[in-house]
Amino acid sequence: MTDLSFNPNIAAAPIYVGGAAIADIQKQYGIDDIIKLASNESPLGPSPRAVAAMQAAAANLNRYPPMGDESLRSALAQLHGLEPDNFVTGNGGCDILNLLATAFLTPGDEAIICRPTFPVYDNTVRRVGAQVVYVDLEPDNFSYDVEAMLAAVTGKTRLLYVCSPNNPTGSTISAEQLDTLLNHLPPHVLLVMDEVYYHFAANHPDTLGYVRRGQNMVILHSFSKAYGLAGLRLGYGIAPAEIAQYLSRARLPFHLDSLTFAGGLAALADIDYVDEVVRLVKEGRAWLLAQLGQLDVRVWPSQGNFTLFKPPFDAAEVSERLLRRGVISRPMTQFYLPTHLRVTVGLPAENEKFIAALGAVLAELDAEGASRSVAARQAGSGEFKF
Ligand SMILES: Cc1ncc(COP(=O)(O)O)c(C=O)c1O
């Protein structure tokens, strides 16, 4: 065993830890009534049409799934008004992020990540031995700093990640900023435009137009959010045909299973389901933001199906006490924000339960005289400036 040599790049890459599972928290805390608002999932359950299609497809699971993904790519092309060759499918958006890193990065290359953001960019870049170059979002409102992003580009830069709406800050890049960025990026840099939350945004730039015009860009979409199929694992990239085909070549054979083909196609046809999720999220988000605004926390406006907030006490302690009251929120340490928490918009009753629990936890900590000096303590670490 000791003679084995493990790939040092993989050993050094941070391990992504997902939101806690309801069953695990039930077991650990001995409470039945738990709500999970930790992973930006749909509050509605999956589309019933997708479930029916997957049940029917289960009868043929003795057969291999299709080698290619033409059926899905054609349906996606129809949805977005592009050609099937503009699409690459994957086992969730994370798989596309991994394909991007494996297809475009070699050891020593650089990738620019605008933090705080989704930690899987970091993970996939480091796994292939490439260097991460951080550009921080504006510390107060988390907007993109396009000038700083362009200034970070070197001859070694290969990928630049933009997440809009950004997880976990809920902030977006404006159409003007995106235009400036794309007009100034040198041709050896590919822009990764992660839009897995675009359904929930008020003003979304016309990113498909850039793909149509052949810009160096890959747009990332997922079935895990507005389509309510996080457990299915289906995501896709949208890019000029040459880039999409290059990414498809980096895939493994049979990268999607038969249930995913059936469920994904049925979900695309169930427009009413997506409309209902978006309506529910927008309503719930407005309510949550208003309620959080009344509590002793700092909160940011959000264009995603989640909101970020900063309690005045230790965030890990607040999250732990929320668990004891049956609410799973998401500590933000691996999202580069150890003093913040994120909560997903749930059903109205879930949002109410969360707000009641958070109010009680803050009152409890206040009554106990808990330290409010968390931000000052962590400012000294020099690692995070938020
Ligand atoms: C910004 C962002 N990108 C990509 C993903 C990956 O989504 P999935 O792999 O579930 O499709 C997520 C998941 O939470 C995300 O928040």
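The values are calculated or read from the model by the stated rules, or taken from the named source; none is laboratory data. The shown structure was predicted, so the numbers you read here are calculated from the model rather than taken from an experiment. Heads up, the Cβs are rebuilt from the backbone with ideal geometry, glycines too, and the neighbour counts pull from every protein chain shown. Keep in mind that these areas ignore ligands, DNA and RNA; they rest on the heavy atoms of the full protein, side chains included. Shrake-Rupley method; radii C 1.70, N 1.55, O 1.52, S 1.80 Å.
Evaluating kT/(6 pi eta Rh) at 4 °C and 1.567 mPa s, with the Kirkwood radius of region 74-216 over Cα pairs in the Stokes-Einstein relation, gives 83 µm² s⁻¹. Rg and Dmax, both from the Cα atoms of region 110-152 and both in Å, are 10.8, 33. Counting every pair of alpha carbons in the chain, the share spaced more than 36 Å apart comes to 24 percent.
With both residues required to sit in the chain, DSSP beta bridges show an antiparallel share near 45%. Comparing mean-square fluctuations of 50, 21, 111 from a GNM of the chain with C-alpha springs under 10 Å, the top value falls on 21.
Taking 0.36 nm per residue of separation and subtracting the current Cα-Cα distance, fully stretching the chain between residue 16 and residue 269 would add 87.9 nm. For region 48-269, relative contact order (Cα pairs under 8 Å, six or more residues apart, normalised by length) works out to 30 percent.
Normalised per residue, the accessible area of the chain is 44 Å², obtained with a 1.4 Å probe and no contribution from ligands, DNA or RNA. For region 24-104, the percent of C-alpha pairs falling in each 10 Å distance bin, counted from 0 to the bin holding the largest distance, reads 12, 26, 35, 19, 7, 0. Among 106, 124, 344, the largest mean-square fluctuation in a Gaussian network model of the chain (Cα springs under 10 Å) belongs to 106. Projecting the Cα atoms of 260, 97, 65 onto the charge dipole of region 48-269 (Cβ charges, centred on the Cα centre) puts 65 farthest toward the positive pole.
Under 20 Å from a label point set 7 Å out along the Cα-to-Cβ vector of residue 283, the amide N atoms of region 45-78 belong to 45-48.
For residue 282, the lysines whose Cα falls under 22 Å of its own Cα, not counting residues fewer than eight places away in the same chain, are 36, 225, 310, 353. Of the solvent-accessible surface of the chain, computed with a 1.4 Å probe and all protein chains present, 53% belongs to carbon and sulfur. Springs join every pair of Cα atoms under 10 Å in this Gaussian network model of the chain, and among 156, 27, 310 the largest mean-square fluctuation is at 27.
The orientation-averaged projection of the convex hull spanning the C-alpha atoms of region 239-336 amounts to 10.4 square nanometres. Rg/Rh, computed from the Cα trace of region 294-342 with Rh as the Kirkwood radius, has the value 0.94. Quote the Stokes-Einstein diffusion coefficient, in whole µm² s⁻¹, for region 133-194, based on the Kirkwood radius over alpha carbon pairs, a temperature of 20 °C and a viscosity of 1.002 mPa s. Answer from the Stokes-Einstein relation: 179 µm²/s.
Each Lys and Arg Cβ is given +1 and each Asp and Glu Cβ -1; about its Cα centre, the chain then shows a dipole of about 420 debye. Cα centroid separation, region 147-177 to region 317-342: 26 Å.
When only alpha carbons of region 304-373 are considered, Rg and Dmax amount to 11.7, 34 Å. Pairs of Cα atoms nearer than 8 Å and 6+ residues apart set the relative contact order; for the chain it is 22 percent. Residues of region 137-156 falling in the label zone of residue 176, defined by backbone nitrogen less than 18 Å from a point 7 Å along Cα to beta-carbon, are 138, 141-150. With N as its number of residues, region 37-78 has a Cα radius of gyration that, divided by 2.2 N^0.38 Å, comes to 1.55. Per residue of the chain, the DSSP helices (runs of n ≥ 4 H) give a summed -39500 (n - 2.57) that works out to -12000 deg cm²/dmol at 222 nm. Listed by chain and number, the lysines whose alpha-carbon sits under 30 Å from that of residue 156, ignoring those within fewer than 8 places in the same chain, are 385.
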